[in-house]
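Here the structure is laid out as structure tokens; the discussion comes afterwards.
Where a number appears in this text, it was derived from the coordinates with a stated rule and is not lab data. In this text the structure is predicted, and so the values were computed from the model without any measurement. Heads up, the Cβs are rebuilt from the backbone with ideal geometry, glycines too, and the neighbour counts pull from every protein chain shown.
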Amino acid sequence: MSNVLLVGTHWGDEGKGKIVDVLSERATGCVRFQGGHNAGHTLVINGVKTILHLIPSGILRDNVNSVIGNGVVISLEALKKELSDLSSKNISIKNKLFISEACHVILPTHVALDIAHEKSLGKSSIGTTGRGIGPTYEDKVARRGIRLIDFYNIDNLRKKLIKSMDYHNFLLTKYYGEKQITLETVLETLVPIFENIKEHICDVIPLILDLNKQSNIIFEGAQGTMLDIDHGTYPYVTSSNTTLSGLISGTGIGVDKINYSLGITKAYTTRVGHGPFPSELHNQLGLDIAKWGGEIGATTGRARRCGWLDIKILKKSIELNRINGIALTKLDVLDNLDNIKICVDYGNIDYDTFEVENIKYIELKGWKSSTVGITEYKDLPENAKAYIKKIEELSKTPVVMISTGPARDEIICLTDVFSI
């Protein structure tokens, strides 16, 4: 049996959802280990688009058990909406979805605090999604968080909520000048949702270990390496560990259980929100790539900033995540270009102005022909092959999968990642 970690190598939005879906055909488990509904994984199956924020991408396969690990923070309201969307598409979750009882719950006060804090920063804001993710992780670290397991005893839940929400409301009213949120509002909103989903809540560690005895498991990260709270472009990061270390703490599974680490890398680089972006294209070409690639955030609806592939970041991600191979996505988006650059190095980054010292590029010839839907490496244009080989050469890591479009079957698989 083999377990594979899928991790974004840059700032997220690399196309992890599709790669999870492709690989999950041969897996019995798909495990999400960090983040919250600030993630967005878009899948296109038989022309139907499904966007998942909390539920692992493997849920679209009947043979896959989808597990939400303890490192994920849960918005019960967002989960309810996502389950409703799956139901409307006749996608079953019965005996397929399992949620860790240790997951921390996002409260309405967390959302209010997130929005109020971002608003107070003005031009210095970091571009958060405003969904309460950060404040929930803050409460987790401060040991005043509310977990799913707390909902089994309403009396104790009420006592814990009073302590947490007194603090939240103090900040909301006295510091930010916002309205307070009542305890009863929170209980009336969240308890009924919990009652409807509690059949899916359990201690997931024995389940994951049992699945590992049966077949392959995919561990699915959210966001990307450069948004890691410890290793990313701080403070313009998310509130969790998006890297290999997040898998270990977010599931309770040892690193010895991970057999292969697959880095999901877009053929160019994008970023949503504020923060440094050395290879960003501040011109019409950047806007064109965004248009061709449909670069609108699945979670926020915000336009993504676009730039050339950043090899310096890719090499850092390879080291942090012990990456064995690269899944290169959205190659087809570059089909129209005469020339393509790769960012290979730069000096210091100014985190106030985002200016970069001594940025260096290499330039390759484009292929000027469609790669959409190609499923065999031999059928790729020669210049596309040269681009892929250059990425392998610079990163010292093989490209083992190539996505040539959004659909499930628009993929080139060069290596069986489950057999290594």
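Brief remarks on what is shown
- Beta bridges by DSSP in region 32-175, antiparallel share as percent, to the nearest 5: 45 percent
- Measuring spread by the Cα atoms of the chain yields a radius of gyration and Dmax of 21.4, 67 Å.
- For Gly366, nonlocal amide neighbours, meaning residues 5 or more places apart or on other chains whose placed amide H falls under 5 Å from its own, are Asn339, Ile340.
- Ile201 long-range amide H proximity, modeled H, under 5 Å: Ile99
- Cβ-based exposure ranking for Ile296, Ile218, in which fewest neighbours within 10 Å come first: Ile296, Ile218
- Relative contact order (%) - criterion: Cα under 8 Å, at least six apart; region: the chain: 21 percent
- The chain: antiparallel DSSP beta bridges as a percent of all, rounded to 5: 35 percent
- Per-q log10 I(q)/I(0), region 180-265, q = 0.16 Å⁻¹ (Debye; single scatterer per alpha-carbon; no solvent): -0.87
- Dimensionless Rg ratio for region 104-199, taking C-alpha atoms and the 2.2 N^0.38 Å reference: 1.10
- Proximity of backbone amide H atoms, modeled 1.01 Å from N, is registered between Gly273 and Arg305 at under 5 Å, excluding neighbours fewer than 5 places apart on the same chain.
- Within a straight-line Cα-Cα reach of under 20 Å, Lys257 can be paired with the following lysines, leaving aside sequence neighbours fewer than 8 residues apart in one chain: Lys213.
- Sorted by Cβ density within 10 Å, fewest first, the residues Phe354, Phe98: Phe354, Phe98
- Scalar couplings 3J(HN,Hα) for region 391-396, obtained by applying the Karplus form with A = 6.51, B = -1.76, C = 1.60 to θ = phi - 60°, are 4, 4, 5, 6, 8, 6 Hz; x denotes Gly and Pro.
- Restricting the calculation to alpha carbons of region 1-121 gives Rg and Dmax of 15.0, 50 angstrom.
- Max mean-square fluctuation residue, GNM over the chain, Cα-Cα springs under 10 Å, options Val64, Val186, Val141: Val141
- Packing here is the average count of other Cβ atoms within 10 Å per residue, and on that basis the peptides 146-156, 232-242, 255-265, highest first, run 232-242, 255-265, 146-156.
- Size of electric dipole in the chain: Cβ of Lys, Arg +1 and of Asp, Glu -1, about Cα centre, debye, nearest 20: 260 debye
- Over region 180-308, Cα pairs under 8 Å with separation of 6+ residues give a relative contact order of 16 percent.
- Filter on Lys315/Lys390; Lys16/Lys316; Lys49/Lys140; Lys81/Lys160; Lys316/Lys341 - keep pairs with C-alpha separation over 22 Å: Lys49/Lys140; Lys81/Lys160
- 10 Å Cβ shell holding at most 13 others, DSSP loop, GluC sites (Glu not before Pro): longest site-free stretch of the chain: 1-354
- For region 111-175: relative contact order, % (alpha-carbon pairs under 8 angstrom, 6 or more apart): 31 percent
- Considering only Leu334, Leu364, Leu227, the mean-square fluctuation computed in a Gaussian network model of the chain, springs between alpha carbons under 10 angstrom, is largest for Leu364.
- Cross-link pairs exceeding 23 Å in C-alpha to C-alpha distance, out of Lys94/Lys198; Lys18/Lys89; Lys291/Lys378, comprise Lys291/Lys378.
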